[in-house]
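S.K.: To start, I am sharing the structure in question, which I have written as structure tokens.
The values are calculated or read from the model by the stated rules, or taken from the named source; none is laboratory data. This structure is a prediction, so every number in the text was calculated from the model and none was measured. Neighbour counts run over all protein chains shown; Cβ positions are idealised from the backbone, glycine included.
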Amino acid sequence: MSFEHVRKEHQAQGVIEIVDAQVLQRVVAGSQPAVVLAAEGGDFLDGDMQRLENARRGGLVHLQLVHYRVSELGDISTERPRHGGLTTFGKEVVAACNRLGILIDVAHATSDGIAQALEISTKPMIYSHGHVTSTAPYWTHGGVRARAIHAPLAKRIAQKDGVIGIWPLGSQYTSLDAYVRALLDTAEAIGAAHVGIGSDMFGLGGVTVIPGYEQFPMIEEMLVRRGLKSDEVRNIMGANYLRVLEHALTTQPPASPT
């Protein structure tokens, strides 16, 4: 589906597209529905940087570098690595995302690829959906475990003001309560300002403890009952993502007040 087709659908439905920091701020201050255009994997770039620039002009503001195949950008966590992390082009894409105002997402990337992106990026990034492990994941560990992010890398993302999204995979968390405990454990390890809900709502094949948005108020209530402060709950429920997205979209320093 092309950006043009998606944008026509949004216009017909009266949905605002968040294309820059100003629109984001206006949306957060108001009450109209809005969307972020994202791509899960940079495969569509086909090694051509101009395609990234065109996609940004078309409204793309969130790019997950890799997805389900070892690509022109780099290795993925569930396949034998071929590039030692990111390719030269993948590293150039990270720098270009900073320049163009695109949020970098390192979900599905290998530990080497995540570490390289952290070294290059001058802006916070996210690991949008997965889980954190104390031992380093490797591609032979199987789909779920290989998809994890190693705890030291999760802390490095947090130290650069980024966010770790915890996915609600049903084979890992047998109940919503168990999932909330995972959110709390991650918040304790890296700070509540760096944790989010990585719902992956249409990507988990129905094996999820968050099948719909009706679970979100329940998650919020559980976090409050577990003793989190109201601002910490708000951050985990989405404000952390909005903060990092705004930082990514801000490609020039704000004007000095007059």
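S.K.: Quick one: would you say Gly191 is out of contact with any Gly (no Cβ under 8 Å at 6 or more places or on another chain), at pLDDT 95 or above and surrounded by fewer than 19 Cβ atoms within 10 Å (Cβ to Cβ)?
M.R.: Against the criterion (out of contact with any Gly (no Cβ under 8 Å at 6 or more places or on another chain), at pLDDT 95 or above and surrounded by fewer than 19 Cβ atoms within 10 Å (Cβ to Cβ)), Gly191 qualifies.
S.K.: Out of Ile157, Ile210, Ile166, Ile197, report the one residue that is within 20 Å of Gln116 (Cβ to Cβ), touching a residue at least 24 places away in the same chain (Cβ under 8 Å) and buried (at least 19 other Cβ atoms within 10 Å of the Cβ).
M.R.: Ile157 is the lone residue from the list that is within 20 Å of Gln116 (Cβ to Cβ), touching a residue at least 24 places away in the same chain (Cβ under 8 Å) and buried (at least 19 other Cβ atoms within 10 Å of the Cβ).
S.K.: Continuing with this model, one more query. Kindly provide the set of residues from the stretch 34-90 that are hydroxyl-bearing (Ser, Thr, Tyr) and assigned to a loop (DSSP other than H, G, I, E, B), ordered by number.
M.R.: Tyr68, Ser71, Ser77, Thr78, Thr87
S.K.: Please go through the stretch 213-250 and pick out each residue that is surrounded by fewer than 18 Cβ atoms within 10 Å (Cβ to Cβ) and hydroxyl-bearing (Ser, Thr, Tyr).
M.R.: Across the stretch 213-250, the qualifying residues are Tyr213, Ser230, Thr250.
S.K.: Quick one: which residue in Gly90, Gly101, Gly74, Gly113 is within 16 Å of Ala55 (Cβ to Cβ), in contact with a helix residue (DSSP H, G or I) (Cβ under 9 Å, 6 or more places away or on another chain) and without any contact (Cβ under 8 Å) to a residue 60 or more places away in the chain?
M.R.: It is Gly90.
To keep it simple, each residue is scored yes or no on (1) under 18 Å from the mean Cα position of the chain (by Cα); (2) under 24 Å from Ile210 (Cβ atoms); (3) modelled with pLDDT under 95.
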| site | (1), (2), (3) |
| --- | --- |
| Val106 | yes, yes, no |
| Pro124 | yes, no, no |
| Ala136 | no, no, no |
| Val144 | yes, yes, yes |
| His150 | yes, no, no |
| Arg156 | yes, no, no |
| Lys160 | yes, no, no |
| Val163 | yes, yes, no |
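S.K.: A follow-up question, please. Would you call Asp185 under 19 Å from Ile126 (Cβ atoms), acidic (Asp, Glu) and buried (at least 18 other Cβ atoms within 10 Å of the Cβ)?
M.R.: Spelling it out, it is not the case that Asp185 is under 19 Å from Ile126 (Cβ atoms), acidic (Asp, Glu) and buried (at least 18 other Cβ atoms within 10 Å of the Cβ).
S.K.: Has the stretch 4-25 got at least one residue that is more than 20 Å from the chain's Cα centre (by Cα), charged (D, E, K, R) and either on the phi > 0 side of the Ramachandran plot or at pLDDT 95 or above (or both)?
M.R.: no
S.K.: Hey, can you tell me all the residues within the stretch 60-116 that are crowded, with 22+ Cβ neighbours inside 10 Å and among the β-branched types (Val, Ile, Thr)?
M.R.: Within the stretch 60-116, Val61, Val66, Ile76, Val93, Val94, Ile102, Ile104, Val106, Thr110, Ile114 qualify.
S.K.: Given Leu176, Leu118, Leu100, Leu183, which one is touching a strand residue (DSSP E or B) at 6+ places or on another chain (Cβ under 8 Å) and among the aliphatic types (A, V, I, L, M)?
M.R.: Answer to the selection: Leu183.
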